[in-house]
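Report on one structure; see the data block that follows.
The values are calculated or read from the model by the stated rules, or taken from the named source; none is laboratory data. Only a predicted model underlies this, so the values are computations on that prediction, with no experimental measurement involved. When we count neighbours, we look across all protein chains shown, and the Cβ atoms used for this are built from the backbone with ideal geometry, even at glycine. Note: accessible area is taken over every heavy atom of the protein model, side chains too, but ligands, DNA and RNA are not part of it. Shrake-Rupley method; radii C 1.70, N 1.55, O 1.52, S 1.80 Å.
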Amino acid sequence: MSELLIIRNPSAAWRDGEPLMEAIATAVYEQCTTEPCVGLVVDDPRNIAAVAATVARQMLTSASVTPEVIEAGPTAWPTPEDAYATAPGITYEIAWTASTARTLAKNPHRGDVDREYWLRKAALLDRIALEHEANGVRNGTDEIAANAARQLIEIDQDSEGDHSGDAYGPDHPATLAHPRGYVRQEYAVWAENQ
């Protein structure tokens, strides 16, 4: 019987945009059991570890995930200023998102929520996180924004061409490593076509 090695690292903390962490978080969310209403992963730690190890091995050995591909992500995305240049105010977007969610809750037989809701929600949460980051506030909004971005990516992966895919599609390694950048890319295209 092998001994279980428990490593406790108090300095280990989430870093938004760190490619390996982002890829592992995305894979865990997609592969493990989740509670959809809160996006919480509820699974056996061994399953989570298996997913994390698999992703780490793939990123370390994959020819398609080179440092150049990973690093291209942050510079290839639109800046937040460009992506959200014509966006309504945050207060308006909070009201719109809440109203849309409330309408769906009152009428669950209406069908699936369309992509616009998920895109605007992810963009709203990204904008809120950006404000907190600019003010040096560390309160978890970056993680919430990244989770909303992953939800949009998952929807785009399951859809047939509803996303722009310019410069990176929902399955691209740079997208998985930088989900909030993907939201900015998709929001900029969506806003331009409104």
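Test of understanding: among Gly89, Gly136, which residue is at pLDDT 90 or above and over 17 Å from Gln185 (Cα atoms)?
Gly89
Checking the conditions here, which among Gln157, Gln151 is touching a residue at least 12 places away in the same chain (Cβ under 8 Å), touching a Gly at 6+ places or on another chain (Cβ under 8 Å), closer than 18 Å to Thr26 by Cα and in a helix (DSSP H, G or I)?
None of the others qualify; the one that does is Gln151.
Looking at (1) open to solvent by less than 60 Å² (accessible area, probe 1.4 Å); (2) modelled with pLDDT under 85, can you tell me which one Asp114 breaks?
If we test Asp114 against (1) open to solvent by less than 60 Å² (accessible area, probe 1.4 Å); (2) modelled with pLDDT under 85, just (1) comes out false.
Scan segment 88-106 and tell me whether some residue there is open to solvent by less than 80 Å² (accessible area, probe 1.4 Å), part of a helix (DSSP H, G or I) and under 22 Å from Thr26 (Cα atoms).
No, segment 88-106 contains no residue that is open to solvent by less than 80 Å² (accessible area, probe 1.4 Å), part of a helix (DSSP H, G or I) and under 22 Å from Thr26 (Cα atoms).
Within segment 166-177, is there a residue that is aliphatic (A, V, I, L, M) and open to solvent by less than 20 Å² (accessible area, probe 1.4 Å)?
Yes: one or more hits.
Could you grab me the full set of residues in segment 135-165 that are aliphatic (A, V, I, L, M) and open to solvent by 30 Å² or more (accessible area, probe 1.4 Å)?
Correct list: Val137, Ile144, Ile155.
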